[in-house]
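To start, the structure under review is shown below, and the notes come after it.
The values are calculated or read from the model by the stated rules, or taken from the named source; none is laboratory data. Keep in mind it's a predicted model, so treat the numbers as computed, not measured. When we count neighbours, we look across all protein chains shown, and the Cβ atoms used for this are built from the backbone with ideal geometry, even at glycine.
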Amino acid sequence: MYEELTYHFDLVDLEQLRLLGQLSPGQRIQAMLDARELAVGLIRGRLRRQYPHLSTREINMKLLEETTSVRGTDGGS
């Protein structure tokens, strides 16, 4: 009934890990922040296409809702 999931790193992932391992802690944090900025920009763009009638403030609120929600919970107490 349930399919066993096995994850393995692709060769590209191993190379990326090797490169990240050579960075200083500050450089790793900067890389993480850059990746987050890209991800947030992509989500914001998708929301803008989905809801072209919403203001920037409303899009930002939807972005916050989406990025801070925990899947599988109803948000209640």
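For the reader, a short list of remarks on this structure follows.
- Scope segment 52-63; condition within 22 Å of residue 36 (Cβ to Cβ), surrounded by 10 or more Cβ atoms within 10 Å (Cβ to Cβ) and either in contact (Cβ under 8 Å) with a residue 24 or more places away in the chain or of a type outside the set (S, T, N, Q) (or both); matching residues: 58, 59, 61, 62, 63
- Residue 67 being at pLDDT below 95 and more than 20 Å from the chain's Cα centre (by Cα): no
- Consider segment 1-58 and keep the residues that are assigned to a loop (DSSP other than H, G, I, E, B) and either touching a Cys at 6+ places or on another chain (Cβ under 9 Å) or of a type in the set (A, V, I, L, M, F, W, C) (or both). The one that is modelled with the highest pLDDT is 54.
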